[in-house]
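Novice: There's a structure below that I have some questions on.
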Amino acid sequence: MASIAQKLREKAPLMTETYVAYAATQRLLKECARPGDYTIPQALEKNAEIPRDATGAHLGEGTGWWYETLHLAPTFINWAQITFIHMYLLQVRFRMFPKTHAPLWIQHLTNHAFYAAEDRLVVWHKLNSNSLRQKYLKDMFSQWRAVLLSYDEGLVKGDAVLAAAVWRNLFAGREDVDFQKLAQIVGYMRRESRRLEMATDDEVANGEWKFRGDPSEEESIGKTPSRLMAIEGAKA
């Protein structure tokens, strides 16, 4: 039986691949969104008021490293940024697909992200106004473009630039960031990027890819002095 990758590269017409890519990227988007998932119980209660944070954003309930250890608030924007990190890693891998196929996979993954975002705005945030939802989605798209540009630059120029990009996007440039945890996120992105790079096209294109663990597994990175710090220490 021909492999998925072989079908994509040699046999499957582009029209057929559209259906393959649509279904696979739908599953992959769910995996990208999983780490930042949250709920808003009040949204399911009649006449209940949805809590808000200091900025006025709806505040939900979430678990896992990103919320419980990193202490991000379970909000729509943080869900989007956590999802973007994982989408970006997959998009980088999609770029390794044949040139005639890669754009299709990238577009389907992006489309699914915005379908999921709109569903979330309706179900958990009770935004029944289409014009208001479109405003949120337009802002989200601008943020996604900024993520692509800045993470691409970081991937090429090194960890310091990538860390600065994560700081701007995920943390909105806040000054109270835990820089050890920021380093862990960068280490996690590098690790998962390597895993994806080493994976076969089949392992990615079947839609069953799973991200492994979370940034806590990179804890040693934040405790390791940088080369510059080591040099300065030797001079002292």
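Novice: Filter the stretch 15-49 down to residues that are in a helix (DSSP H, G or I) and among the aromatic types (Phe, Trp, Tyr) and give me whichever is surrounded by the most Cβ atoms within 10 Å (Cβ to Cβ).
Specialist: Here is the first cut: in the stretch 15-49, the residues in a helix (DSSP H, G or I) are 15-36, 41-44.
Subsequent filtering for residues that are among the aromatic types (Phe, Trp, Tyr) retains 19, 22.
Values: Tyr19: 10, Tyr22: 17.
Only one residue fits best here, namely Tyr22.
Novice: Just to be sure, is Glu68 assigned to a loop (DSSP other than H, G, I, E, B), out of contact with any Asp or Glu (no Cβ under 8 Å at 6 or more places or on another chain) and acidic (Asp, Glu)? Talk me through it step by step, then tell me what you get.
Specialist: Numbers: assigned to a loop (DSSP other than H, G, I, E, B): no; out of contact with any Asp or Glu (no Cβ under 8 Å at 6 or more places or on another chain): yes; acidic (Asp, Glu): yes.
No.
Novice: Turning to a different aspect of this structure: Return the residues of the stretch 181-210 that are more than 17 Å from Tyr88 (Cβ to Cβ) and of a type in the set (Ser, Thr, Tyr); say none if nothing qualifies.
Specialist: Thr200
Novice: Moving to a separate point now. Working carefully through the options Trp124, Trp79, find the one that is in contact with an Asp or Glu (Cβ under 8 Å, 6 or more places away or on another chain), of a type in the set (Phe, Trp, Tyr) and closer than 22 Å to Pro51 by Cα. Can you show your working first?
Specialist: Values: Trp124 fails: in contact with an Asp or Glu (Cβ under 8 Å, 6 or more places away or on another chain).
Of the residues listed, the single one that is in contact with an Asp or Glu (Cβ under 8 Å, 6 or more places away or on another chain), of a type in the set (Phe, Trp, Tyr) and closer than 22 Å to Pro51 by Cα is Trp79.
Novice: Being part of a helix (DSSP H, G or I) and within 12 Å of Ile85 (Cα to Cα) is the filter here; which residues of the stretch 168-187 pass it?
Specialist: Of all residues in the stretch 168-187, those part of a helix (DSSP H, G or I) come to 168-169, 179-187.
Once the filter is applied, which keeps residues that are part of a helix (DSSP H, G or I) and within 12 Å of Ile85 (Cα to Cα), the stretch 168-187 yields Asn169, Ile185, Val186.
Novice: Hey, does the stretch 52-64 have a residue that's over 24 Å from the mean Cα position of the chain (by Cα) and either at pLDDT below 95 or assigned to a helix (DSSP H, G or I) (or both)?
Specialist: Narrowing the stretch 52-64 to residues over 24 Å from the mean Cα position of the chain (by Cα): 54.
Keeping just the survivors that are either at pLDDT below 95 or assigned to a helix (DSSP H, G or I) (or both) gives 54.
Yes, the stretch 52-64 contains a residue that is over 24 Å from the mean Cα position of the chain (by Cα) and either at pLDDT below 95 or assigned to a helix (DSSP H, G or I) (or both).
Novice: For the stretch 10-43, how many residues are modelled with pLDDT under 95 and over 19 Å from Glu208 (Cβ atoms)?
Specialist: Total satisfying the criteria: 7.
Novice: Also, I was wondering about something else. Checking Thr100 against (1) assigned to a helix (DSSP H, G or I); (2) of a type in the set (Val, Ile, Thr); (3) over 21 Å from Asp37 (Cα atoms), only one condition comes out false. Which one?
Specialist: (1)
The values are calculated or read from the model by the stated rules, or taken from the named source; none is laboratory data. Keep in mind that this is a model prediction, so the values were computed, not measured. So basically every Cβ, Gly included, is an ideal-geometry build from the backbone, and we count neighbours across all protein chains shown.
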